[in-house]
Every structure is written in C-alpha cells, then in structure tokens.
Amino acid sequence: MSSEMSEKLISGLKIPTADDAFEWSPPLRALPVPGIRRMVNLAATMENVIHLSIGQPDFPCPKHIVDAYIHALQKGETGYTMDAGLPELLKELASYYSKRTGREITEDNILVTTGATEAMYLSISVTAAPSRQFLIPDPCFPLYAPLVRMHGGEVKAIPTRAESGHQLDPQEVIDAIGPRTFAIILNSPSNPTGTVYPQETIEAIVQEAAYQGVKVISDEVYDHLLLDDLDYASVLGHTSDLDHVMIASSFSKTFSMAGLRIGWVISSQGTIKMLRRYHMFTTTVANTPSQWAGVAALRGGSQCIDEMVKEYRHRRDRIVQLVSESPHLTGYWPQGSFFIFPSLPLHTNASHVALRMLEEIGVCVVPGEAFGESCTNSLRISYSTSIEKIEEAFSRMIPWLAKQDL
Ligand SMILES: Cc1ncc(COP(=O)(O)O)c(C=O)c1O
C-alpha cells in the first residue's frame with residue numbers, strides 16, 4: 001500500500017474502488033433493481049423469444065400526431081416552453097378534462113410533465129416524508145412504493161388477489177387508514193393487473209379520504225384503455241374540490257406515444273404552484289415538439305383510440321381463454337390496460353417459473369415480485385403484442401406448464 005493510501009485510511013477516508021466510485025446516497029439505495037428490466041435484459045441475450053412482457057402499446061403512433069411533431073420541429077419549435085407547459089396544450093387539456101368530467105378544469109389546474117412518470121415522481125416527492133404513511137394496493141406499478149421510501153415515507157400495502165379479479169375492497173382501504181396515513185395511491189386501470197375499479201370503489205375511497213383529511217394520488221394513464229362498456233371512474237369525478245387530490249396521466253398509452261414523453265398532473269391551483277417549483281428543479285419543461293404532438297392528439301378525435309381498444313379487446317378475450325386453459329394458472333376478467341396477472345398455486349416461486357419458462361421455452365413474462373410483496377406466486381402477462389405471437393406463446397406454455405409439478 002502506498003503511503004498516500006495509508007494516510008487516507010488512517011484519516012478515516014474510505015478509498016473508492018472501481019465498483020464504488022461514489023458514496024451513493026440513501027435515496028438511491030432505496031431504489032430496487034427493476035424486476036422487469038432483469039427479465040428483458042436476459043431475454044435480449046437469447047434467440048426466438050416471444051415477449052409477453054411489453055409495457056407499452058405495440059401500435060404505431062397515429063400519423064396526424066407524428067406529422068404535428070415533425071411540423072413543430074420544422075417551424076423551429078425547439079426552445080423551452082413555459083414551465084407549466086405549452087399554453088396551447090394547457091388550453092386543450094383544460095377543455096378536454098372539463099368536457100370529460102363535467103367540472104371546470106382551468107389551465108391553472110394543470111402542469112405538463114415528462115410523462116406520467118414525472119407526474120407521479122413530483123406528486124410523491126412533494127408529499128412523502130418521514131412519519132407519513134402511503135396506502136398502496138399490492139401488486140402495483142413499481143414506481144410508487146420506492147419513491148415513497150426514497151423520501152423517508154412509509155408504505156402500507158393493501159393486497160389484492162386474482163380470485164377476486166384484483167379488485168380493491170374500499171372498506172379494506174378505509175379500515176387501513178390510521179393516524180399516520182397521509183395519502184392513498186390508486187391506479188385504475190391497473191398495471192400489472194388490468195383491473196378497473198368501479199365508480200362505487202373510487203367514490204367510497206375518495207369521499208372517506210376527504211372526510212379524514214387524507215390525500216388521494218391517482219395514476220390514470222390507462223383511462224382510455226377500457227375494454228368493456230364502462231364509464232371511466234376518475235378520481236376527478238368524485239371529489240368536491242381539488243385540494244386533496246392529484247391526478248397523473250399522459251399520452252403514452254392512449255395515443256401510443258410513450259417515447260414522446262408527455263404527461264401531466266391535475267390538482268388545485270395551489271398544489272400546481274408547488275409542483276411547478278419542483279418541476280423547475282427536475283426537468284424544467286417537457287419536450288416542446290412533443291407538446292405540439294399532444295395538441296394534435298387532443299384535436300384529432302378518438303377514432304385512432306377506438307381502433308386500438310377494439311384490437312386490445314379481441315386479444316384480451318383470447319388471452320383470458322388461453323389462461324383458463326393453462327394448467328396451474330388462475331385467471332380472471334381484466335377490463336382495462338393490456339395486462340393480466342394470473343396466479344400460480346400459493347407459495348409457488350413465480351420468479352423461478354418465469355426464469356425457467358424463458359430459458360426452456362423462450363417465453364418472457366414478468367414475475368409478480370416486480371410489483372409487490374403479496375404476489376410472488378403471480379405472473380404479469382402483457383397482450384401488447386400480436387394475436388399470432390400470443391397464440392404461439394401459449395402453444396409453448398400450455399404443454400410446458402402441464403409438465404410442472406407445482
Ligand atoms: C401505471 C403506469 N403509470 C405510469 C407509467 C409511465 O407512463 P409515462 O410513459 O407517461 O411516463 C406507466 C408505464 O408503463 C404505467 O404503466
């Protein structure tokens with residue numbers, strides 16, 4: 001050891017190694033290695049893999065939206081917009097939400113973000129803190145709980161089960177509210193379960209939360225991907241004022257434009273002001289040409305959405321049937337997004353099953369442990385892929401599952 005190194009050791013300084021060049025901060029250490037990435041990275045090293053693991057739409061982005069993006073670039077729309085968002089987009093969003101929800105939403109109630117990811121990041125980051133508890137359904141999208149913990153908050157999981165279609169029992173949520181409960185996080189339609197909460201569930205939770213002074217943060221990115229004839233139950237439709245709620249959404253799933261990265265938060269004017277402050281220190285503004293593409297999406301009508309939903313519905317019907325024919329899998333009827341989350345027999349390690357399924361028959365699904373602690377015997381199956389690929393995947397899976405002793 002050189003004298004310089006020994007001096008550093010003696011003075012108590014930790015010498016960085018090649019793997020540990022930084023003293024990583026506690027918030028970073030609170031973030032898990034994403035379970036989805038692990039499977040997809042392994043699959044990338046293999047050939048002839050069928051992916052039932054995809055978390056974004058497989059349809060092309062509609063042409064009028066792509067054209068608007070290109071046109072914005074050609075017009076020189078390459079600078080920053082206002083920090084709250086492009087005024088034209090804020091206006092379109094306000095009018096769209098006012099019509100959809102029957103309540104007045106103004107531009108001041110909206111902040112445009114870099115996807116729903118930033119919208120949820122801001123909503124959780126400005127509220128999570130030590131001694132504050134967040135109630136979160138389990139399984140859920142893997143963004144929420146780590147963000148709460150990253151800011152020192154506490155997560156209380158509300159488990160849901162395949163046997164009951166992963167529906168959330170509102171009374172269970174209400175009973176779980178305690179003195180430390182600060183907020184409830186909802187996501188309907190859900191990733192990973194495809195479950196859509198009915199109006200009564202949203203109404204009961206939002207009203208009780210308001211009564212008890214608990215906030216509701218609602219991730220509504222799949223609000224248009226409803227595969228049955230349902231009226232969408234948005235948190236916005238069940239709250240008398242916006243002070244206690246933050247609604248996050250985006251264009252990513254509805255218009256198949258995940259890579260364009262435009263989302264938003266809707267809340268009271270006061271909350272939006274606070275979020276804008278934080279937004280300035282994260283991404284400053286969202287991508288400018290993408291915001292113009294968003295304007296075109298909202299002005300372009302819903303025909304493109306209807307066509308995508310029709311195809312998702314067709315795939316959902318088939319996948320429910322295929323799951324019911326698969327040995328060891330317990331399915332249910334998912335009504336939204338493009339996922340189903342069937343369970344294997346209790347105590348089965350679904351991560352081992354998913355790994356072996358990938359290695360032995362080249363079908364990639366995401367094990368339940370990526371989405372929470374209550375569902376380590378489940379698999380997330382995405383049908384954001386062609387019906388032919390779905391058929392081919394299950395023609396490999398069904399005989400393989402039949403041979404497993406689970
Ligand atoms: C439930 C949920 N919320 C948020 C996101 C992120 O959306 P965005 O692409 O708008 O950041 C996803 C993406 O998979 C999601 O499934």
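What follows draws every value from the coordinates through simple rules; no lab data is involved. It should be emphasised that the depicted structure is a prediction, and the values quoted were computed from it without experimental measurement. Note that each Cβ is placed from the backbone with ideal geometry, even for glycine, and that neighbours are counted across all protein chains shown.
Return the long-range amide H neighbours of R380 (sequence gap of 5 or more, or a different chain), with a cut-off of under 5 Å between placed amide H atoms.
V366, G368
Okay, helix-only estimate at 222 nm for the chain: each DSSP H run of n ≥ 4 adds -39500 (n - 2.57), divide by all residues, round to 500 deg cm²/dmol; what do you get?
Using -39500 (n - 2.57) per qualifying helix, the result is -12500 deg cm²/dmol.
If neighbour count is taken as other Cβ atoms inside 10 Å, put F255, F59, F182, F22 in order from fewest to most.
Working: F255 26, F59 14, F182 19, F22 7.
In order of increasing Cβ crowding within 10 Å: F22, F59, F182, F255.
Taking the alpha-carbon distance from K63 and a cut-off under 19 Å, which lysines remain once sequence neighbours fewer than 8 residues away in the same chain are dropped?
K75, K253, K310
Can you grab the distance from the C-alpha centre of the range 65-130 to the C-alpha centre of the range 308-331, Å, no decimals?
Answer, in whole Å: 34.
Enumerate the aspartates and glutamates that K273 could reach by cross-link, defined here as Cα to Cα under 20 Å, with residues fewer than 8 away along the same chain left out.
By straight Cα distance, K273 reaches D83, E88, E92, E104, E107, D108, E118, D219, D241, D243.
Check the straight Cα-Cα distances from K99 and name the lysines below 18 Å, setting aside those fewer than 8 residues away within the same chain.
K91
Counting Lys and Arg as +1 and Asp and Glu as -1, each charge on the Cβ, what is the dipole of the chain about the Cα centre in debye, to the nearest 20?
On the way: 33 positive and 46 negative charges, 113 e Å.
Result for the chain is approximately 540 debye, rounded to the nearest 20.
Can you find, among V285, T201, G259, the residue sitting farthest towards the positive end of the charge dipole of the range 63-299, where Lys and Arg contribute +1 and Asp and Glu -1 at Cβ?
The residue sitting farthest along the positive end of the dipole is V285.
Counting pairs of alpha carbon atoms under 8 Å apart in space and at least six apart in sequence, what relative contact order in percent does the chain give?
Worked out over the chain, it gives 24 percent.
Have a look at Q167, M82, P139 and report the one farthest towards the positive end of the charge dipole of the range 63-299, computed about the Cα centre with Cβ charges (Lys/Arg +1, Asp/Glu -1).
After comparing all options, I get M82.
So what is the relative contact order of the range 63-299, in percent, for Cα pairs below 8 Å that sit 6 or more residues apart? Numbers along the way, then the final one.
Numbers: 447 pairs, mean separation 71.2, N = 237.
Contact order relative to length: 30 percent.
Dipole of the chain (Lys/Arg Cβ +1, Asp/Glu Cβ -1, origin at the Cα centre): which of A248, T271, S343 lies farthest to the positive side?
Selected residue: T271.
Given H placed on each backbone N at 1.01 Å, which residues far from S188 in sequence or on other chains put an amide H within less than 5 Å of it?
D219
Which residues does a label at S98 reach in the range 235-254, if reach means a backbone N under 17 Å from a point 7 Å past the Cα toward the Cβ?
Inside the label zone: 237, 242.
With r defined as the distance between the Cβ atoms of Q321 and K403 and R0 fixed at 22 Å, what FRET efficiency is calculated, to the nearest 0.05?
Values: r = 21 Å, r/R0 = 0.97.
The value I calculate is 0.55.
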